[in-house]
Structure formats: C-alpha cells, structure tokens
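To keep things clear, I will list the structure first and then write my remarks on it.
Read-outs: derived from the displayed coordinates by stated rules, not from any lab. Predicted, not measured: the structure shown is a model, and the values here were computed from it. Backbone-built Cβ (ideal geometry, glycine too); neighbour counts: all protein chains shown.
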Amino acid sequence: MQIWNPMFESMEREELRKVQSERLVSTVNRVYHNVPYYRGLMQAKGLLPGDIKTMDDLKKLPFSRKQDLRDNYPFGLFATPMSEIVRIHASSGTTGKQTVVGYTRRDIDTWSEVMSRTLTAAEIGRHSFLQIAYGYGLFTGGLGIHYGAEKVGASVIPISGGNTKAQLQVMQDFGTTNLACTPSYALYLAEEIEERKIDIASLKLKTGIFGAEPWSENMRKEIEERLNIKAIDIYGLSEIIGPGVGYECMHRTGLHIPEDHFIPEIIDPITGDVLEEGSEGELVFTTITKEGLPLIRYRTHDISKLSYSKCECGRTSARMTKVTGRTDDMLIIRGVNVFPSQIESVLLEAGDTAPHYQLVVDRVGNLDVLEILVEMSPDIFSDEVKKLEVIEDTITKEIQSTLGISAKVRLVEPKTIERSEGKAKRVIDKRKF
Ligand code: DLL
C-alpha cells in the first residue's frame, strides 16, 4: 500500500512533535500580530506569543468557536490581506450566518497535499476514474477533493452533486472506479441502480470515499453490499480546511490526521479539560500551516477518540475514531442522550427497513416524544399489516433495550422520506426550548 508523503505521514513521533512545536510558535505569532480578535483573546488570558514555546504550551491557548467566525463575519479573522486570498468557501450550517473561510495560494497547495494523502490511502491514483458527486461551489467537498485528485493523477469526473440520472449514465459510460459523495447520497444512488435494473456487476466501482456527515458502521455495511464496493470514511470541516482533516487507510482502523498541518486534541466538552488518549470527547484542532484563516484550538463539536499507536499501514499519525455525532446534534430525550447514528445502527441491524429514516422530536405536555419514521424495504411493503406491526414492535423494543428510551416507530412507504443529494436531514426537533 502506497503512502503519498512518507516523510510526514510516517515520521517518528518525537521528530513530528518538534515540527509541530516550531509551526505552532510561528502560527501563534502570526495570529497575535495580524488578527486583532485573537490578540484580544490572548490578552484576556494574560498571554504573550513568547509564552508559547513548544507543544506543551498548547493547552494554555484560548479556544476558538464557530461563534467567533460569525461575530467577525465575513473576513474578520483572516490573517492575510485580501490581496493574498485566492479562494473563498462558506458552510451554511443549520442556524445563523454562513461561516466564511479564505485560502491563500499556499493554503490551496496544503489542501491539495492533504487530499493527495487521503486519496492515496484509499488507493486512488493515476489508474482511477474518480466521480466527484460532492457539491461544487461554496461547499468545500467538490473543489477540495478535485484539486487533490488531479494532483494524484486520477481521471477526475467533476459531476458535482445531484442529477442522479446523469450520475448513473456517467458511472456506466466512463467506467467510474471511485465515487466521492455523502454516504446518504451513495445509498440513494444504490437505490436508483436497483430501481433502474442496472447490473451492478457491469459497473467498475471499487471504492468510495464518503463523509461530510456522520454514518454508522451498519450504514457502511449497507453501502458496501449494495454498491459492491469498499467504503472509506473521510472527515473534514471548512474552518480547518475542508475534506482532508481525517482519512481512513485500507485497514480502516481510525482516520489518520495530517498532524504536521493540524494538531488534534480531545477535550471534555463541559470543562474544556484535555482528555487522555483513548477518552471520548470533543475534537479540537489547531492549524499550524494555514495562512488565510489560521485557527487556534477550534472546537468542532464532533465527538471522537484519539489514538497515537502506529497503524499497520506504516503511518504514525494520530488516528481519530469514526465521528459518532456532534455535541450539538445530540438529542436529549427525557434526560437520555441520544445520537441519530445510534438509532440508525439499530434500524439497519433490525433488517426489513431501508436506510432512510427521520427522527421527529416533540413535546407533548411536559414529555418529550420521539417518533421514528423509517421506510420499509420494497420487498416487505406488500406484506400484510400484521407483519408490519411485528416489525414496528421489534424495532421499538430494540430501541428501548439498546438506548433506554421509548420511541414510536412508524413504517412508511418506500421513497417517502426526502432524499438528499448532500448532507441528509435526519432530525426534526419541534420542541420549543
Ligand atoms: O463537510 C467537509 C467535507 C466534505 C468532509 C466532503 C468530508 C467530505 P462542513 O460543511 O464545514 O465541511 O461540515 C463539517 O461535517 O464538523 C462534522 O460534523 C461533519 N462531518 C464531516 N465529515 C464527517 C465524517 C465538510 N466523515 C462537519 N463523519 C463536521 C462524520 C462528518 N461527520
């Protein structure tokens, strides 16, 4: 198995720490002098750039948050003059203003570099036909992957998201070997392939790189079986760079983090304390090479764990576990913490249902009620009502026993839950807080 940049991806950890320390010091100096907002945050903590000498001092630095970007909308946290910025992206999010991010020419090179590492780890290279079905535009998915894909020499098919019919046509006619899109769109494509009776064996698909939203291991199994491919998890967020912040190799034992560019930490989301290796908590990243929008200890709200052991693939970089959810996506239903991905796992485990579901949370009287709408798989759709009731009942019990909450499960007809070409909307929370 190939490694794109063995010097950095397989660097001795002690050596890597030196590189990180050097780059951290220079980043802190840059933001202190160039971004008044950061200077303010550091001053509030009584910190001068000189107080940060090595990686050991990282935890002294203040956190940054999405709200900081919003408060400085659109360009207030940029650390270079706008004349140096060659690209602007934005992420829409579900609430509030867009989060705007800017890249210098060197940032675009860094992005292509970390994406080249990502693609090489998924064995995508000169021999590959990569269909990029992530959206092109302000979203970072399309263009972010695109530049890395050209750099590794893949034949790039920049089809962007949507237009499912064209996606399938291109997949067949161009001989797509690799697919890049959200896991929910991958499933939708699988469904359409079945619907249109396209022989899956006639396709050349081998591997897909899926991310941009949480997806469970059961969802991975489902995609792999239905598309007859290997499904690789890729992670990233616009604020840090876009896709390229975490990537699985073919061993799929966690997502490798290019730590010579982004330093990860896991913190307790309540106290902000840094947690030990292996503990579950909120992922925090510090960028140490970015010029346009360097971010110090940026709180992602994503929940994961870190490990620093060497991977069988030879990479020595930290690995994060698959993101199981976001601290802000976590539903608290009658006091119980529930992540949509846990419910997804139960639904897929139970069988007889399609992996399309929606959670509707409401408050009746003073009680939270959770309704789970889940599509029947087409083959049980025609079954008698009694059988459907049995399935609903089984899932309800399974949810109760694994998650400890009661939910009303309602099987709905195939294809009634809205399909997404990008990130799926899984939760409708009607409660007023
Ligand atoms: O979603 C960047 C991206 C594009 C990643 C394409 C992978 C592939 P944003 O729109 O800023 O950026 O959303 C970032 O999406 O904080 C996570 O909550 C979630 N997310 C991204 N990748 C994964 C993943 C892009 N593999 C937010 N698993 C992040 C779980 C993910 N959640």
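For the stretch 126-242, just run the numbers: alpha carbon Rg, then divide by 2.2 N^0.38 Å, N being how many residues it has.
0.99
With both labels modelled 7 Å from their Cα along Cα-to-Cβ, the Ser26 to Arg106 distance reads 0.6 nm. Each part gets one Cα centre, and for the stretch 25-98 versus the stretch 380-433 those centres are 42 Å apart.
Would you kindly state how much longer the chain becomes between Ile198 and Glu371 on full extension, computed as 0.36 nm times their sequence separation minus their alpha carbon distance, in nm to one decimal? Could you put the intermediate results ahead of the total?
Values: separation 173, 0.36 × 173 = 62.28 nm, distance 3.47 nm.
So the extension gain works out to 58.8 nm.
Count Lys and Arg as plus one, Asp and Glu as minus one, and take only other residues whose Cβ is under 15 Å from that of Asn72; the net charge is then +2. For the pair Met7 and Thr396, label points projected 7 Å from Cα toward Cβ lie 6.3 nm apart. The label point for Arg334 and the one for Asp71, both projected 7 Å from the Cα toward the Cβ, are 3.9 nm apart. Mean residue ellipticity, 222 nm, helices only, the chain: the sum of -39500 (n - 2.57) across DSSP H runs of n ≥ 4, divided by residue count and rounded to 500, is -10000 deg cm²/dmol. Computed with the Debye formula from one identical point scatterer per Cα of the chain, without solvent, the log10 of I(q)/I(0) at q = 0.06, 0.07, 0.10 Å⁻¹ comes to -0.26, -0.36, -0.73. For the stretch 319-363, the residues whose amide N sits under 20 Å from a probe point set 7 Å from the Cα of Arg410 along the beta carbon direction are 333-334, 340, 343-344, 347-348, 353-363.
Residues of the stretch 283-304 falling in the label zone of Met82, defined by backbone nitrogen less than 17 Å from a point 7 Å along Cα to beta-carbon, are 292-293. Extension gain for Lys310-Glu280 works out to 8.9 nm (0.36 nm per residue, less the C-alpha to C-alpha distance). Have a look at Val390, Gly365, Gly351 and report the one farthest towards the positive end of the charge dipole of the stretch 331-429, computed about the Cα centre with Cβ charges (Lys/Arg +1, Asp/Glu -1). About the Cα centre, the residue reaching furthest to the positive side is Gly365.
Quick check on the chain: of the DSSP beta bridges with both residues there, what percent are antiparallel, nearest 5%? Here the antiparallel bridges make up roughly 65 percent for the chain.
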